[in-house]
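*Asks:* Attaching a single structure in structure tokens format; questions to follow.
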There are 2 protein chains.
Amino acid sequence: MAKYRQIYERLAERMKTGEYAAESKLPSETELMHEYEASRGTVRKALDLLQEHGYVRKHHGKGVFVLRRDQIEFQFNGIVSFSEVYASMLGRSIQTSVASFEDIEAPAWLADRMNLTPGTRMFRIERVRNFDGENVILDVNYFVKDLVPGLTEEIAAQSIYAYVEHELGMQISYAKRKIAAEDVTELDRLRLDLHDYEYVIVITNDTFLYEGRQFEYTESRHRLDKFQFSDVARR
Amino acid sequence: MAKYRQIYERLAERMKTGEYAAESKLPSETELMHEYEASRGTVRKALDLLQEHGYVRKHHGKGVFVLRRDQIEFQFNGIVSFSEVYASMLGRSIQTSVASFEDIEAPAWLADRMNLTPGTRMFRIERVRNFDGENVILDVNYFVKDLVPGLTEEIAAQSIYAYVEHELGMQISYAKRKIAAEDVTELDRLRLDLHDYEYVIVITNDTFLYEGRQFEYTESRHRLDKFQFSDVARR
DNA sequence: CAGGATTTGTACGTATGTATG
DNA sequence: GCATACATACGTACAAATCCT
């Protein structure tokens, strides 16, 4: 792994564990240079990455400050799978369990939406995200089977995106997202600890490969109080 | 302006005008070095920025390629006030009324959040968006007064962003957005037709100028059923 | 298929500018 | 004014991915 990336991960780790507390100032670039035996440019690349991912905020002439991260956050501009996000919040217990794993024929509404030939085989996967002992997020994924051969329940329990990108070497190009509130469904009640909430926040996600082919459709259904989305828009 | 940013803008310009066509390859870093009389590091910073902003994609060993523009357009990367976007999504018009327009001292929490010296004068504006006869969105804007001189209630009733950009000629750099659900407040009940909804979706928006100075903080509070957000994320 | 040429990625060093306290 | 800390810019070297002869 690249050195700046190692420094990034080490620093992120120390913020997650609280060694570098929220609101506090990180060591200066010069100090980090000596600590990690790296050049200033390399240290700066690590710090830039931390800022891009929402860990810190740099202030010219003052220093680099640790940001608070108390809620579940979808912080990045890029396409991020939920386990990637959770991985970024280590220190809090988040567990994924596969509630359902089926090999089905694409339902009509989905074949239409994804522009597939009717009858296409797909994986339909339900995964529940448990945060601090409560089931608060339900992910329902639909993958085109031909495009993710060898996908198993065990992989789904880990990170499907890591499998798709690193094992299969697939090139993801872009994803369309939509966020809206919806009434809770029977499935939500079955899978989630909803308490009295009557609504869920639903993120729908259509993911495309470089050639423009869609290989995934996902609905991520969040309990209201555990939902947060952040991003940075630029001109 | 920094040199790498000048190169960034020049290249972006040449892509917008079509001089660098979509799907085509940009000149190599070495060529750009000579063309702009800059070091490789500086050229690379400009290219990184272009990629981050969705103009190009870099491929190790191959080159830097111009992305299709139509998808960038659809992206929410313009820093548009959310309600304008919402209106265009539904293809209908929203009526805006200014519910409150004050000249105040920055409250402590906001001075802290925006990194302002305490006592800074600000405009605090409440605007209500009416759709199909119901008040469904409440925008609360805070602007640093020094940075938007001459802002009036009449302008607020139209588009503040149009005023800021075209009349004042200010250069907006980027905005940080966060979306989350919150309990309704007294203010929500006062301004909106909430029916039985107990929650609102709140979009907070911190907007920055090129120099990194923040000039605005906004909360856009949406009735649950009238909220929708879409965007395109790119790897 | 080998191997060199091209192109982007990483890393180091140095110097100077700008913001903050 | 001075010290500290981050920002920009230049130059160099080598690594890794890709392309081409």
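The values are calculated or read from the model by the stated rules, or taken from the named source; none is laboratory data. On a predicted model such as this, the values are computed, not experimentally measured, just so you know. FYI the Cβ positions are ideal-geometry reconstructions off the backbone, even for glycines, and counts take in every protein chain you see.
*Asks:* Could you name every one of the strands (runs of 3 or more DSSP E) located completely within the stretch B:122-218 that has at least 1 residues being at pLDDT below 85?
*Replies:* Strands (runs of 3 or more DSSP E) meeting the threshold: B:172-183, B:199-209.
*Asks:* Would you mind stating whether B:ASP206 is under 30 Å from A:ASP196 (Cβ atoms) and out of contact with any helix residue (DSSP H, G or I) (no Cβ under 7 Å at 6 or more places or on another chain)? Even if it seems obvious, please write down each step before you answer.
*Replies:* Details: under 30 Å from A:ASP196 (Cβ atoms): no; out of contact with any helix residue (DSSP H, G or I) (no Cβ under 7 Å at 6 or more places or on another chain): yes.
So B:ASP206 fails the test.
*Asks:* I need every pair where a residue in the stretch B:40-62 that is more than 12 Å from every other protein chain (Cβ to nearest Cβ) and free of Cβ contacts under 8 Å to residues at least 60 places away in the same chain has its Cβ under 9 Å from the Cβ of a residue that is within 10 Å of DNA strand C (Cβ to nearest atom) and small (Gly, Ala, Ser), sequence separation at least 6 or different chains.
*Replies:* Listed by first residue and then by second, the contacts come to B:THR42/B:ALA2.
*Asks:* Let me ask something else about it. If you go through the stretch A:6-42, how many residues are under 20 Å from B:GLU52 (Cβ atoms), within 14 Å of DNA strand D (Cβ to nearest atom) and out of contact with any Lys or Arg (no Cβ under 9 Å at 6 or more places or on another chain)?
*Replies:* Counting residues in the stretch A:6-42 that are under 20 Å from B:GLU52 (Cβ atoms), within 14 Å of DNA strand D (Cβ to nearest atom) and out of contact with any Lys or Arg (no Cβ under 9 Å at 6 or more places or on another chain) gives 1.
*Asks:* Output the qualifying pairs, or none if there are none: Cβ atoms under 6 angstrom, residues six or more apart or on different chains, first residue in the stretch A:6-35 and without any contact (Cβ under 8 Å) to a residue 40 or more places away in the chain, second residue within 12 Å of DNA strand D (Cβ to nearest atom) and among the β-branched types (Val, Ile, Thr).
*Replies:* Note: pairs meeting the criteria are A:GLU29/A:VAL43; A:LEU32/A:VAL43; A:MET33/A:VAL43.
*Asks:* Do any helices (runs of 4 or more DSSP H) entirely within the stretch B:1-115 hold 3 or more residues that are within 24 Å of A:LYS176 (Cβ to Cβ) and modelled with pLDDT under 75, and if so, which?
*Replies:* Of the helices (runs of 4 or more DSSP H) lying wholly inside the stretch B:1-115, those with at least 3 residues that are within 24 Å of A:LYS176 (Cβ to Cβ) and modelled with pLDDT under 75 span B:69-74, B:82-90.
*Asks:* I need the full set of residues from the stretch A:132-161 which are within 30 Å of B:ARG68 (Cα to Cα) and within 14 Å of chain B (Cβ to nearest Cβ), in order please.
*Replies:* A:TYR161, the sole residue that qualifies.
*Asks:* Exactly one condition in (1) touching a helix residue (DSSP H, G or I) at 6+ places or on another chain (Cβ under 6 Å); (2) surrounded by fewer than 18 Cβ atoms within 10 Å (Cβ to Cβ); (3) within 14 Å of chain A (Cβ to nearest Cβ) is not met by B:ARG113; state its number.
*Replies:* Among (1) touching a helix residue (DSSP H, G or I) at 6+ places or on another chain (Cβ under 6 Å); (2) surrounded by fewer than 18 Cβ atoms within 10 Å (Cβ to Cβ); (3) within 14 Å of chain A (Cβ to nearest Cβ), the lone unmet condition for B:ARG113 is (1).
*Asks:* From the residues in the stretch B:12-37 that are touching a helix residue (DSSP H, G or I) at 6+ places or on another chain (Cβ under 6 Å) and closer than 26 Å to A:GLY41 by Cα, which one is nearest to DNA strand C (Cβ to nearest atom)?
*Replies:* Selected residue: B:GLU29.
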